[in-house]
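The next block holds one structure in the form of structure tokens; read it before the comments.
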Amino acid sequence: MTVNCKRIGNTFAAEVHGLDLARGIDAGLAAEIDHALATHGVLVFRGQRLDDDSQQAFIQQFGPPVVTNFKEIATGHPHFYDVGTVDNEGNPIPEDSVKGQYLLANQLWHTDGSQNQPPIRLTALHARELPPVPPPTEYADMRAAWNDLPESRRKELDGLIIEHSIYWSRSKIGMTMDDFSEETKAARKPVQHPLVRTHALNGLKALYLASHASHVIGWPLEKGRALVDELTAHATQRKYVYAHQWQPSDLVMWDDTWTMHRSTPYKEKHPRKMRWCGVRELEAV
Ligand SMILES: [Fe+2]
């Protein structure tokens, strides 16, 4: 079977037709989806009636699922985060709660899991319940952003190493170290990743940035932070962005190795429930 993809974004992102993921996928189809993600970055599967078991069966075809055990945002399921506006009992999540602050941080441009080593490779987000006018999720094409830089600039940047830290990204929304448990602080130390990554499946290069990206190793702190800010602004110009308009039961899957994303503000009372899962790289990046 060949995955049938139709481009829906300006430079990347595609809608996939003809698959009912609740029926399960085999290793061959998972490999085709993996290659489609290497080509398109973001894949939209419309109308997927997934429950927890079928969503878990789907993500497991791409590698060991991320274990979502950080108690600040734990859901009770070992492999899912809830990205929504209400808790399991249907109560609104206060913005000043720890979970509310995590949701707020999702509005910063980021790559899932870059604050960890190994980072997350692929993410899948399923829309379980949507308001009448759902807020879009935005994605940035970091490959096109890289390709459009002048060659001399690319030579300067290729090989730089960036420090990524959950504490840096969360400081941008006003959190301090006191907001993290000792257990979390022990488990989530800053990590280092290359600024420019080469895709394992097609050898294409892309910028690798995130809200967690703090500074350049070996550079003065402020100079490195200025570079991260400059490249993030470059890569998130509208010409590189696909804004996903959610429909009920959409499953959106993306390749974290060459895309960034962010949620957009939502303050309505109607609940929005999304279930997140992902797989990590198998080795340090
Ligand atoms: Fe995310």
(message) Just checking: which of the helices (runs of 4 or more DSSP H) contained wholly in region 131-199 hold 1 or more residues that are surrounded by 18 or more Cβ atoms within 10 Å (Cβ to Cβ) and not hydrophobic (A, V, I, L, M, F, W, C)?
(response) 142-147, 166-171
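Looking at 231, 207, which one is more than 15 Å from the ligand (Cβ to nearest atom) and within 17 Å of the chain's Cα centre (by Cα)? Spell out the reasoning first.
Numbers: 231 fails: within 17 Å of the chain's Cα centre (by Cα).
Among 231, 207, only 207 is more than 15 Å from the ligand (Cβ to nearest atom) and within 17 Å of the chain's Cα centre (by Cα).
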(message) Suppose the filter is of a type in the set (Phe, Trp, Tyr) and at pLDDT below 95; does residue 45 pass it?
(response) no
(message) I'd like to know if region 49-58 contains one or more residues that are among the aliphatic types (A, V, I, L, M) and within 25 Å of residue 267 (Cα to Cα).
(response) no
(message) Return the residues of region 234-271 that are of a type in the set (Lys, Arg) and within 15 Å of the ligand (Cβ to nearest atom); say none if nothing qualifies.
(response) 262
(request) Please specify each residue of region 71-125 satisfying the condition of being away from the ligand (no atom under 12 Å from the Cβ), in contact (Cβ under 8 Å) with a residue 60 or more places away in the chain and among the β-branched types (Val, Ile, Thr). (result) 85, 86, 98
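Out of all the residues in region 122-135, is one or more at positive phi, among the small types (Gly, Ala, Ser) and modelled with pLDDT of 85 or more? Break it down into steps so the answer makes sense when it comes.
If we filter region 122-135 for residues that are at positive phi, which is where we start, we get none.
Checked against the condition, which is being at positive phi, among the small types (Gly, Ala, Ser) and modelled with pLDDT of 85 or more, region 122-135 yields no hits at all.
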(message) When the residues of region 251-275 are narrowed to those that are surrounded by fewer than 21 Cβ atoms within 10 Å (Cβ to Cβ) and out of contact with any Pro (no Cβ under 8 Å at 6 or more places or on another chain), which ends up modelled with the lowest pLDDT?
(response) 267
(request) Determine which single condition residue 203 fails, assuming it passes every other condition in (1) small (Gly, Ala, Ser); (2) without any contact (Cβ under 8 Å) to a residue 40 or more places away in the chain; (3) farther than 20 Å from residue 256 by Cβ. (result) (3)
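The values are calculated or read from the model by the stated rules, or taken from the named source; none is laboratory data. None of these values were measured; they are calculated from a predicted model. Using ideal geometry, Cβ is built from the backbone for each residue, glycine included, and neighbour counts are taken over all protein chains shown.
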